[in-house]
Structures are given as structure tokens and as C-alpha cells.
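To keep things clear, I will list the structure first and then write my remarks on it.
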Amino acid sequence: MPFLQLLAKKEGNLRFLSHLETHKMLERSLRRAGVPLAFSQGFNPHPNISFAAPLPVGTLSDYEVIHVELAVGIDPGELIARQRCCFPGDFVLLKGKLVEKSPSLMKEVVRSDYRVTLNLSCAAEEIEDRIREFLNQDSHLIRKRTKKGRINDLDIRPQVRTLTYDEKDHSIFMSLDTGSVSNLKPLVLMKELFDFPEEKLDVRRTMLYKSKDGELIELY
Amino acid sequence: MKPLEEIIYLSEKPSRYMGGEFNQVLKPLDGDLIRFAFAFPDIYEVGMSHLGLHILYNLLNDRENIFCERVFSPWVDMEKHLKDRGLDLFTLETKSSLRDMDFIGFTLQYELSYTNILKILELSGIPYYAEEREASHPLVMAGGSCGYNPEPLALIMDLFVIGEGEEITLELLELYEALDRDKEKFLFEAAKIPGVYVPKFYEVTYDRDHRIESFRPNTEGIPARIGKRIVKDMNGVYYPPRMIVPFMDVVHNRAVVEIFRGCTAGCRFCQAGMIYRPVREKTPEVIKQEARDLIDATGYEEISLTSLSTLDYSQIGPLIRELMEEHEASKVGISLPSLRLDSYSVEVLKEVQKVRKTGLTFAVEAGSQRLRDVINKGVTEEDLYTTMESIFSLGWDRVKLYFMLGLPTETMEDVKAIQTIGSSIEAIYRRVSSRKRLTLTISTSVFVPKPHTPFQWEAFDTLEALKSKENFLKDALKHKAFKYQYHDPKSSYLEGVFARGDRRLNQVLVRAAREGIRFDGWQEFFDFDHWMAVFKSLDIDPEFYLRRRDYEETLPWDHIESGVDKAYLIKENEKSKNGELTRDCRRGCTGCGVNQGHLGEVC
Ligand code: SF4
């Protein structure tokens, strides 16, 4: 059955939704829009919807990639055009297309870009010094609890591909490894770098990448 | 993030406070709007599952000049954030303080939420007592089933709405506008509208034993008694074509269609069964249209057909069949809140099962036939056992049965009968089913005598007796197929005090709130000893409110009329003593009186 691939933005208070809540919100929006979802068999039929690299609570996003399995094909352009009937205001569909079958979205993602806007005062030099210091290291170990509860050392330095400060809008741009092979969350890095309270940071995902023939390309 | 967003982010569950759900209403805040906060004195998950909220919210917001927003009790983490930062509690829609409202409307669903009402006022910087509030403060009103005994909150509320709120709430807001929003004038005029109770216009005196000596209006032109309001035409009444769709998983997350109001069964313990009389049904056409609209507008995957006793709907079979047919393709399921113990229920279940297997719960209420006759619960052992046999052979393995402890005249024999029922059902399961997966949940709650019922004069059972009854069942139901759920009798004790309380309890609530008591409905916060200390410090004996009362005594809620005659309640109480049954009044009127007087010909 055909899959609908969507690119969406998550704005405003919707950043507070957990991944599960976002998932349910999308399912109900699609139902309201009358999109013919394909359902699993059994007593509790559920649709097949997946997100690339689920966002942590609190994060805004310019780049949500979603796959939805359909019972029959639809015209994605038409759905995008009338989306305001059915989606919460802060969830905006940007693009849509039909794809044949769903590769596992999560497996494809290798990297994400984030912009972290700082809602607190801190001198530019101080921030830049800290960033330089970090980037000049060969490795930077953090303690990480594994799923099984063991504590491991993890080197996050190689996971950070870009890290810059932008004085103009008092924000930090970062490009980080994402996915099942190597994964680093923006707030984990921020915590290593600074002791800013989380609630003073506006984190926004700006891009997701996959790799094709050794090159990084946009996921959507 | 702005300061409020920061604490929303830091809270345990941000989606309780963020607002912005689909079908939320926003309006530009200009000076002309009448601003109304619908306040639910419990957390978001509970409040958003309450049908009355969705009805009133949309009804008010469909009026151009009214803006209704929502506010819930903040959970304790949010309460702390607000206090630490000196911020006011806020509405979900525009994050406004309740002090910016014209009205705050509380819904009273259970007595143990009363301290949460005071906490909401406190976190908004609004004085608890009505007489301490000024013209700049919002008017504080309340409605809902607990409002049938408004007295424990009479000094806190400016106004109560008695009965169904659809028509009267709009009338009140129109009056407010017509009187140029003059709050004093408004209260005086409102007090004359049928269904409105403005406590400050009534004076109560007590005798030496604290019994009520007199209760009367203290102002010319104020009616002595307040009759409830009902909607006569359920097919014409407003029903919301949309409902807010919560982001988080709330208690009931589904489209809800109310199919009728009232109940004819006449169970003697049941307040809802008395105060919501008479029965008024919607037609199947209206129900199907409302279901269709709600599914389109919400995207829900389930429709719940709600009422006090859904299977008593006169055309329930065809209705369910047609709804299932219509919604099968989009995999929308139908759910029924409660089931009757009879073969008809089993027929209906077979239909519903085709799409989705729902959990099965049945209210048996009492273990022995004798006691079921006392409470007029028309269920026999045979009904129970044949129903169980059919549902087990249809493939169900999980059943939950509800009982009450502490009913009038109850003895240990009646409690033991609950165990007997458990074992018999287990034996039936073994006989008819080859599966070995039975989970029989037996749940007991504690009977609390409620105003406007035939048992309103009865005593609350003692804590010691209730404890030993629970302990007996804990032991008796130790079998791997059984699960026993029970209720802390101490919280029912407090519920009982407030259910039949009088005006003197206002000071108890205020003292409790000042001492930080709230969330009494939540086991982790309920502090019985603290409550007893509060009563003691005010020299008020809680037992006074739990005692048996004479028919002659003036009850604190006697000025409120549910439409059911006191004489009828007395007759029912007398019949209960002999275990005499009263038939379901669908099969012929039993003369409760609701069709007489101001409600007119309604049955
Ligand atoms: S007046 Fe008669 S039919 Fe109507 S609710 Fe009362 S008992 Fe039932």
C-alpha cells in the first residue's frame, strides 16, 4: 500500500508535546482530514504512522519527517492546501508526496542541525571561548547510563560536527550525529558546555540528514 | 520561553497547562467580551473527561459576546512553581489570571474536591469568602450534582445554579449584560430566576444542638425555595458539534454523545437517579447526527453513548447496529459505559464485540438478595449467573463487579454473600470455559447517604465496621482468579460529612485550605488526621453530620427542590425497611412528583 511522506513544522506550545502525544495528535488530525489510513488487523486496529528521529519534549522543529501508510492513494497537494481545517494551529504541513514503501525512517537519519537560542545574558566571548575549548579537545567523555542500567563512558566530541555561536541572534548552531549508530541530543551537549537552566533555552531542529553514496543529503 | 512557558516546561506534564488543543476557542480580548472561566476543581485529565465542560464551553463560546476559557487545579508541582515565582494561576486559552474574569463557574462533581476550589481562588489572589470580595473581583458561581446541597459552600459562592445548566447559564449572562455588569444588582435580580440560589439572601438559625431551627430569605422579593431547572426538549437542546481534543491521554478520551437524561430504575441510594428525573430521550436520528458531527470534528476513534443507564435507551439495539455500520470503515468503535445484568445486554455486547472488545463492568451493589431489595436494585442472582455464563461462552475472561459496603441494615451475612457470588462465578467460568484466564475484579465502595434520596436520613456506617467488612473480603477473596479493590472508608467519611453538611462547614473548609489541605480525592494527599484536627480546632463534631436524622428535622438542603417529593422519599425509605420493591417507572409511574409543580407535565 502507498505511503504518504510529509514534511512539517512544530511551533509554539506544541513543543511541549511528548512523542506519543504528537503521534496521537497527528493520527487524529489525519482522521479529521478524512485521509484514508491503512489499519492493522485485530481487535484494536491502529494506523501505521512513523516519525523520523522523535523530538524531545520542549524542542521546536522546522523539520519533521513523517510516514503514513494509506489504504488508497491521495493527492498530497490537496491535503496541504486544506490542512487548516484539521491540524492544530502550531503544526504546519510544508510538503507531501506519495512514496512506494516505507524504508525505516529512523534507520536513515544520520545527522541533525539545531539552533539553540539563549534567553539569558551571557557575554559573547565567554560563550565563544567555551565552544573553542570544546572543539579543541580530541575527546570529551561523558558518563551515560545504558538501557540496561550500566554506566558507560561516551566520547561526544566526534559526535559534534559543527558548533558555532551567532552573536546577532544570541544563538548557538550545532550539527550533531543522530540515529541508531551514533546519537547526541542538543541539551546533553549544552549541559556539558554551560550551566544554563534548560528552561532558558529555545531549541529548534532545523534539518535532518541521511547519507547517500557517502554524501549527506536532506532526509525528506 | 516566557515566564509561564518556563514553568509549563518544567512541570511534570506540560500538556496539562499548555492549551492550544484542537477545537479550543480563542477570541481577541477586547473590553466588550463577558469573560467566563469554567473551573474544574481537579486536574486536567479528570476535568477534560467531564461532558458538562464540553457542553458549556461550546455553548458559551458560540455566543459572540461571551468568551469561556478553562482552568483546572494545578498539580502540586505547578502549584509550587506558581508560588515560587509569584505568578497567578492561569486559564489555558489566553493564560489570563482569573481576576480578569467576570465569572468563575465551578463544577461540583464530588465533595472531596471542595478544598481544590479554595486553592484555585487562593492561587488567583481571590478571597475565599464571598463577603470579602469586592466589585472588581469576579463573581464566583457553581453548579453540578453536589450543588443540590449547596450549604457547605454557601459563604464561598456568590451564586449556585441548581439543575441543568444549558438554558440558565445563558439567561444569567444576559441578565448581567442587561444590568450593565453591576454585580450587586445582578445578584439580587438573579436570585429571583428559577433555579438560582444566592446564599447571602438567606438566613439560617440553629438550635442548641446545632440542628437547623429556621431557614428563610432575609430580603423582600427573594423566593423561599429554589426549584431545579431542566431541559424539556432533549432533541432541541444545544449539543456541542465539536469537543476539545486533549493532547494527553485523559481519563475518557473519546467522542461522547449523551443519549438521554434521567433514570427510572429508582435505586434508593442513588442521588443521580433522583435528581436527574425525569427521563428524556433523544431520537436515534439526533444521536446519529451528533455522533457523526463529533467524529468529523474530533478525529476520535471511539464513540461513547452516555447516560445514567445506557442499555435502558428505548431503541438501543437498532441504534448501536446503525452506528456500527456507519463507522465501521473508519474503524471507529462504540463503547457503553455500563451494562445491565440481563440477556438483552448480552445481545448488544455481541454486536459491539465485532469491532472492539471492551472491558465489562456490572453494578451489583449488594451481595444478598435481601439487601438488594432494601436498596431497590432489581437484580437477581439468576440474572447475574446467566449473564456471566453467556459472556464467558462468548469469550470474555475479564469482568468487574461493583458492590457497596455500609448500606442501611447491612450485616456480615450480606458481606459474606459477596464472597459467595465470587466463588459461584468462578465455578461457572470453569464449567463453561476451557480457557484458564479468568480475572474477576470485585470492587467495593463505601455507601455515603446523599441528599434528595430515600436514604438521606440514614446514618453513615462506622469506620470500625467498614474496616472489618473490608478486611473480611480481603481474606475471603484471596484466590488467583480474584482481584479485590476497595476504598478507604476515611475518605468516604469526609465525603459523608460534606454531602449532608450545613453552612457551619464553610469555616472548616477555609481553615483546611489555609492549612494547605487540598486534593482530598487523591490517596497520596488525603490526610484524615489533619482534617480531624481542623474540626476539633473549630469545635465542630463531624459525627454530627453522619448521624441518622428524623423525618421531622429540617435538613440543610430542604430549600432546594429536586422535583421529587419529600413524601415520596419518606415512602421509599419506609418500603426499604421491609425490603419492598418499587418498580421501574418506565413500566408505570410510581408517583415521585417530578411531573407535578413547576416542572410541568414531563412524564
Ligand atoms: S413522575 Fe412518575 S414516571 Fe415521572 S419520574 Fe416520577 S415516578 Fe417516574
- Message: For a 28 Å ceiling on Cα separation, which of these pairs sit above it: B:350/B:575; B:400/B:436; A:107/A:185; B:350/B:577; A:24/B:27?
- Response: B:350/B:575; B:350/B:577
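What length, rounded to one decimal in nm, is gained on full extension from residue A:192 through to residue A:169, with 0.36 nm per residue of separation minus their alpha-carbon distance?
Length gained between residue A:192 and residue A:169: 6.1 nm.
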- Can you work out ³J(HN,Hα) from phi for every residue in segment A:11-17, in order, using Karplus 6.51 cos²θ - 1.76 cosθ + 1.60 and θ = phi - 60°, giving whole Hz and x for Gly and Pro? 10, x, 5, 4, 4, 7, 6
- Query: Once Rh is set to the Kirkwood radius over Cα pairs, what Stokes-Einstein translational diffusion coefficient, in µm²/s, holds for segment B:428-496 at a temperature of 20 °C and a viscosity of 1.002 mPa s?
  - Reply: 150 µm²/s
- Note on the structure: Taking Lys and Arg as +1 and Asp and Glu as -1, residues besides residue B:455 with C-beta under 9 Å from its C-beta add up to 0
- Message: Need the C-alpha centroid separation for segment A:17-71 versus segment B:414-473, integer Å.
- Response: 43 Å
- Per-residue HN-Hα couplings for segment A:25-41 [Karplus 6.51, -1.76, 1.60; θ = phi - 60°; Hz; x = Gly/Pro]: 4, 5, 4, 5, 5, 5, 5, 4, 6, x, 5, x, 6, 8, 10, 6, 7
- Query: Magnitude of the Cβ-charge dipole of the protein assembly as shown, K/R +1 and D/E -1, about the Cα centre, nearest 20 debye?
  - Reply: 2640 debye
- Task: Using DSSP to define loop residues, name the trypsin sites (Lys or Arg not before Pro) in segment A:98-144 whose beta-carbon has at most 16 other beta-carbon atoms within 10 Å.
- Result: A:101
- Message: Taking just the alpha-carbon atoms of chain B, what radius of gyration and Dmax come out, in angstrom?
- Response: 24.2, 74
- At what distance in nm do the modelled label points of residue A:215 and residue A:162 sit from each other, each positioned 7 Å from its Cα along Cα→Cβ? 1.7 nm
- Report the GluC sites (Glu not before Pro) located in segment A:67-167 that are in a DSSP loop and have at most 10 other Cβ atoms inside 10 Å of their Cβ, or state none. A:100, A:167
- 222 nm mean residue ellipticity, helices alone, for the protein assembly as shown (DSSP H n ≥ 4; -39,500 (n - 2.57); rounded to 500): -9000 deg cm²/dmol
- Under a 5 Å amide H to amide H cut-off, with H placed in plane at 1.01 Å, what residues pair with residue A:37 once short-range neighbours are removed? A:71
- Theoretical FRET efficiency, 1/(1+(r/R0)^6), r = Cβ-Cβ of residue B:533 and residue B:88, R0 25 Å, to 0.05: 0.25
- In whole Å, what three semi-axes, largest first, describe the equivalent ellipsoid of segment B:1-141 built from its Cα gyration tensor (square root of 5 times each eigenvalue)? 20, 18, 16
- Is there a simple number for the mean count of other chain Cβ atoms within 10 Å of the Cβ of residues in A:16-28, and what is it? 5
- Message: Show me, for segment A:204-220, the HN-Hα J-couplings you get by feeding each phi into the Karplus relation (A = 6.51, B = -1.76, C = 1.60, θ = phi - 60°), rounded to Hz, glycine and proline as x.
- Response: 10, 7, 10, 6, 10, 10, 10, 10, 9, 6, x, 10, 7, 10, 4, 5, 4
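Once the Cα gyration tensor of segment A:27-167 is diagonalised, what are the square roots of 5 times its eigenvalues, in whole Å and ordered largest first, as equivalent ellipsoid semi-axes?
39, 21, 14
Using DSSP to define loop residues, name the GluC sites (Glu not before Pro) in segment B:30-76 whose beta-carbon has at most 11 other beta-carbon atoms within 10 Å.
Details: sites: B:45, B:64, B:69; in loops: B:64.
Counting only loop positions with at most 11 other Cβ atoms within 10 Å, the GluC sites (Glu not before Pro) in segment B:30-76 are B:64.
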- Placing +1 at every Lys and Arg Cβ and -1 at every Asp and Glu Cβ, with all other atoms neutral, what dipole size does chain B have around its Cα centre, in debye to the nearest 20? 1880 debye
- Residue separation times 0.36 nm, minus the C-alpha to C-alpha distance between residue B:443 and residue B:420: what's the value? 6.8 nm
- Evaluated at 25 °C with a viscosity of 0.890 mPa s, what Stokes-Einstein diffusion coefficient in µm²/s does segment B:513-603 have when Rh comes from the Kirkwood expression over alpha-carbon pairs? 142 µm²/s
- Where in segment B:373-408 does the label zone of residue B:462 land, with the point 7 angstrom along Cα→C-beta and an amide N cut-off under 20 Å? B:405-408
- So for B:328, B:302, fewest C-beta neighbours within 10 Å to most, what's the order? B:328, B:302
- Task: List the pair-distance distribution P(r) of the protein assembly as shown, using every Cα-Cα distance, as the percent of pairs falling in each 20 Å bin from 0 up to the bin containing the longest distance, rounded to whole percents.
- Result: 14, 42, 34, 10, 0
- Message: Could you check the spin-label model distance between residue A:80 and residue B:524? Points 7 Å from the Cα along Cα→Cβ, value in nm.
- Response: 4.5 nm
- Task: Tell me which residues come under 5 Å, amide H to amide H, from residue B:334 once H is placed; ignore anything under 5 positions away on its chain.
- Result: B:303
- If you count the DSSP beta bridges with both ends in chain B, what percent of them are antiparallel, to the nearest 5? 20 percent
- Message: Which one, B:139, B:118, B:161, projects farthest toward the positive side of the charge dipole computed for segment B:90-211 from Cβ point charges (K/R +1, D/E -1)?
- Response: B:118
- Non-local residues with an amide H under 5 Å from the amide H of residue B:256, with H modelled 1.01 Å from N and Pro and chain starts lacking one, are B:304
- For segment A:3-102, one quarter of the surface area of the C-alpha convex hull, expressed in nm², comes to 6.1 nm²
- In whole Å, largest first, the alpha carbons of segment A:110-218 cover along the principal axes 38, 34, 27
- Over what distance in Å are the Cα centres of segment B:12-73 and segment B:488-537 separated? 28 Å
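Segment B:296-395: Rg/Rh from Cα coordinates, Kirkwood Rh?
1.02
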- Using DSSP, restrict attention to beta bridges with both residues in the protein assembly as shown and report what percent are antiparallel, rounded to the nearest 5. 55 percent
- Query: Just how far, in whole angstrom, is segment A:139-176 from segment B:251-320 if you go by their alpha carbon centroids?
  - Reply: 54 Å
- Query: Using a basic spin-label model with each label point 7 Å from the Cα along Cα→Cβ, how many nm lie between residue B:543 and residue B:181?
  - Reply: 5.2 nm
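A short reminder: the numbers here are calculations on the coordinates, not readings from a lab. These numbers come from a predicted model, not from an experiment. Methodologically, a virtual Cβ is constructed for each residue, glycine included, from the backbone with ideal geometry; neighbour enumeration extends over all protein chains shown.
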